[in-house]
Amino acid sequence: MKPKSVRAFAPATVANVCCGFDILGFAVNYPGDEVILTLRDDSKISVIAIHGDNGKLPLDANKNTASVAVQSLLKELGSNQGVNIELFKNLALGSGMGSSAASGVAALVAMNHLLGNPLKREDLVRHAMESERIACGSAHADNVAPCLLGGFVLVREYHPLDLVKIPVAHDLFCTLVHPHLELKTEDSRRVLKPTLPLKDVITQSGNIAGLILGLIKPDFELIGRSLKDVIAEPIRSAFIPGFDQLRSKAIEVGALGFGISGSGPTVFSISTSYEKAMASGEVIEQEFLKYQLASDVFVSKINMEGARVME
Ligand code: HSE
């Protein structure tokens, strides 16, 4: 007999990874969002409770990222199965850690499981992108794809969607430092320039190619040299107090590279050991304190599996 209820977890993700604006992201082991989905006897899709959001997220099923993703899945399947969704938000809203993506992905993975897994993980990505569309007006895939598939995922093309999982060295550690600021993705996308000088396109292309090659070889120095962003970071870093200093400090204690996680304000660094990743977290946290900003620090290996059903 198929289960009627299931719990699922979807991890935080780092989108862009400096040079891969809207086309590259990776997943970490924690933190992440959880959901409990319970099938109903009717066709209603209902968000019955949200915990941990301080009442900020909508319970309206047409506006909530978890239910919108589930609606999109059911529509494709031609199913009128109803479901209750209970959401446990562990990821701060507007943090740059893929919060809206995680809620949508957790709900999708749970719903797909309850239906007997009719869709493969890759095929859930387009439904998870609907969560991003409802959350910030842009259906980018650089959070939802690694959240569903794990590891580093390249969005080679959007139309049609072509995702490539990068075979990476497993022993990389990510440090995420979330200063207690909220930055809406919609706002931090609006400030970006719609067109780019050719020289910036050339620089960014070199870095994304270098980063991917560095991850595959692996060549840690190449990864470090390539973790640069000339498109979004020069504009968005203005929202993050002490940004240049944060980078210098993280690199001083051994991080390979440093940048803005997604649309910020969370910053991330990548290191080759747990000790260096912890040291990076500590110095970044101390720097933020100089601006009276408390922050949360998370150190994790790269998550190679993505979201998971928990029971
Ligand atoms: N690639 C997106 C951005 C990620 O930087 O706007 C944010 O969700």
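The values are calculated or read from the model by the stated rules, or taken from the named source; none is laboratory data. Just so we're clear, the structure is a prediction, and the values are computed from it rather than from any experiment. Reconstructed Cβ throughout: ideal geometry from the backbone, glycine too, with neighbour counts over all protein chains shown.
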**Report entry** Residue within the range 178-191 that is within 22 Å of residue 303 (Cα to Cα) and either away from the ligand (no atom under 16 Å from the Cβ) or not assigned by TED's automatic domain parsing to the domain that holds residue 15 (or both) present
**Finding:** yes
Query - Residue that is crowded, with 20+ Cβ neighbours inside 10 Å and within 19 Å of the chain's Cα centre (by Cα), where the choices are 161, 149 - result: 149
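Inspect all residues belonging to the range 68-80 and state whether any of them is within 16 Å of the ligand (Cβ to nearest atom) and either closer than 30 Å to residue 205 by Cβ or of a type in the set (A, V, I, L, M, F, W, C) (or both). Explain how you work it out, then say what you get.
Of the residues in the range 68-80, the ones within 16 Å of the ligand (Cβ to nearest atom) are 68-69.
Next cut, either closer than 30 Å to residue 205 by Cβ or of a type in the set (A, V, I, L, M, F, W, C) (or both) only: 68-69.
Within the range 68-80 (the criterion being within 16 Å of the ligand (Cβ to nearest atom) and either closer than 30 Å to residue 205 by Cβ or of a type in the set (A, V, I, L, M, F, W, C) (or both)), the answer is yes, since at least one residue qualifies.
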Report summary line: Expected single match for closer than 15 Å to residue 179 by Cα, among the polar types (S, T, N, Q) and modelled with pLDDT of 95 or more among 271, 261 is 261
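Please find, within the range 171-201, the residue that is nearest to residue 280 (Cα to Cα) out of those that are in a loop (DSSP other than H, G, I, E, B) and among the hydrophobic types (A, V, I, L, M, F, W, C).
Taking the range 171-201 as the starting set, the residues that turn out to be in a loop (DSSP other than H, G, I, E, B) are 171-172, 180-184, 191-197.
Retained after the next criterion (residues that are among the hydrophobic types (A, V, I, L, M, F, W, C)): 172, 181, 183, 191-192, 196.
Details: 172: 14, 181: 20, 183: 23, 191: 29, 192: 28, 196: 32 Å.
Only one residue fits best here, namely 172.
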Report summary line: Flagged in the range 17-29 as within 9 Å of the ligand (Cβ to nearest atom) and over 20 Å from residue 171 (Cα atoms), in numbering order, are 20, 21, 22, 23
Requested in this report: Among the numbered conditions (1) modelled with pLDDT of 95 or more; (2) touching a helix residue (DSSP H, G or I) at 6+ places or on another chain (Cβ under 6 Å); (3) not in a strand (DSSP E or B), tell me where residue 168 comes up short.
Outcome: (1)
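Yes or no, residue by residue, for (1) away from the ligand (no atom under 13 Å from the Cβ); (2) without any contact (Cβ under 8 Å) to a residue 24 or more places away in the chain; (3) within 20 Å of residue 110 (Cα to Cα); (4) out of contact with any helix residue (DSSP H, G or I) (no Cβ under 6 Å at 6 or more places or on another chain):
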{"residue": "124", "(1), (2), (3), (4)": "yes, no, yes, no"}
{"residue": "130", "(1), (2), (3), (4)": "yes, no, yes, no"}
{"residue": "136", "(1), (2), (3), (4)": "no, no, no, no"}
{"residue": "139", "(1), (2), (3), (4)": "no, yes, no, no"}
{"residue": "150", "(1), (2), (3), (4)": "yes, no, yes, yes"}
{"residue": "158", "(1), (2), (3), (4)": "no, yes, no, yes"}
{"residue": "164", "(1), (2), (3), (4)": "yes, yes, no, yes"}
